[in-house]
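Working notes for the structure below.
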Amino acid sequence: MRADIEAILLSGIPSGIVKGFQNYTGSVLADMLRLNVAVPPNTTAPSLLGLLGGDAAGFPNGRRVFDDVVTIELRALAGPTYALVDPRYKPDNAAGEI
């Protein structure tokens, strides 16, 4: 299993991977809503792409009504989040297209 997908969907993101962000809830794999309450809500410029759009208050740190969870998960599967666990990996430009 890819470590980035496991972190996003099953275990939460451990501290130190994304600066100031962590929602890791342990080593038991479970698809559950994780919310890091240390991240304040983004009321000025929320991104539909959540954390992939640079908005730590969005998915996978909770699921707001307007978060485009399907697009976020498809983009994650396409590869751009793999660089979080392997900094040498460079996704191609198509992974970030809308």
> Of everything in segment 1-12 that's out of contact with any helix residue (DSSP H, G or I) (no Cβ under 7 Å at 6 or more places or on another chain) and surrounded by 13 or more Cβ atoms within 10 Å (Cβ to Cβ), which residue is nearest to Val69 (Cα to Cα)?
Replying inline: Leu9
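Scan segment 36-62 for residues that are surrounded by fewer than 15 Cβ atoms within 10 Å (Cβ to Cβ) and not polar (S, T, N, Q) and jot them down.
Step one: list which residues in segment 36-62 are surrounded by fewer than 15 Cβ atoms within 10 Å (Cβ to Cβ), which gives 37-38, 40-41, 43-45, 54.
Matches in segment 36-62: Val37, Ala38, Pro40, Pro41, Ala45, Gly54.
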> Quick check: is even one residue across segment 26-47 without any contact (Cβ under 8 Å) to a residue 24 or more places away in the chain and touching a Pro at 6+ places or on another chain (Cβ under 9 Å)?
Replying inline: no
> Between residues in segment 1-21 that are farther than 15 Å from Arg34 by Cα and residues that are part of a helix (DSSP H, G or I) and among the polar types (S, T, N, Q), which pairs lie under 9 Å by C-beta distance while being six or more apart or on different chains?
Replying inline: Arg2/Thr81; Asp4/Thr81
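Can you say whether Leu51 is in contact (Cβ under 8 Å) with a residue 24 or more places away in the chain and either out of contact with any helix residue (DSSP H, G or I) (no Cβ under 9 Å at 6 or more places or on another chain) or within 20 Å of Asn23 (Cα to Cα) (or both), as far as the supplied structure shows? Write out each step before concluding.
Details: in contact (Cβ under 8 Å) with a residue 24 or more places away in the chain: yes; either out of contact with any helix residue (DSSP H, G or I) (no Cβ under 9 Å at 6 or more places or on another chain) or within 20 Å of Asn23 (Cα to Cα) (or both): yes.
It is true that Leu51 is in contact (Cβ under 8 Å) with a residue 24 or more places away in the chain and either out of contact with any helix residue (DSSP H, G or I) (no Cβ under 9 Å at 6 or more places or on another chain) or within 20 Å of Asn23 (Cα to Cα) (or both).
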>> Could you tell me how many of the residues in segment 18-31 are surrounded by 11 or more Cβ atoms within 10 Å (Cβ to Cβ), at pLDDT below 80 and either part of a loop (DSSP other than H, G, I, E, B) or touching a strand residue (DSSP E or B) at 6+ places or on another chain (Cβ under 8 Å) (or both)?
In response: 1
>> Can you confirm whether Thr81 is at pLDDT 85 or above and outside any loop (DSSP other than H, G, I, E, B)?
In response: no
>> Take the conditions among the basic types (Lys, Arg), out of contact with any strand residue (DSSP E or B) (no Cβ under 6 Å at 6 or more places or on another chain) and modelled with pLDDT of 85 or more and apply them to Arg88. Does it pass?
In response: no
> Condition test on Ser15, is it part of a loop (DSSP other than H, G, I, E, B), surrounded by 17 or more Cβ atoms within 10 Å (Cβ to Cβ) and of a type in the set (Ser, Thr, Tyr)?
Replying inline: no
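The values are calculated or read from the model by the stated rules, or taken from the named source; none is laboratory data. Bear in mind the structure is a predicted one, so any value in this text is a computation, not a measurement. Because the Cβ atoms are built from the backbone with ideal geometry, glycine has one as well, and the counts that use them run over all protein chains shown.
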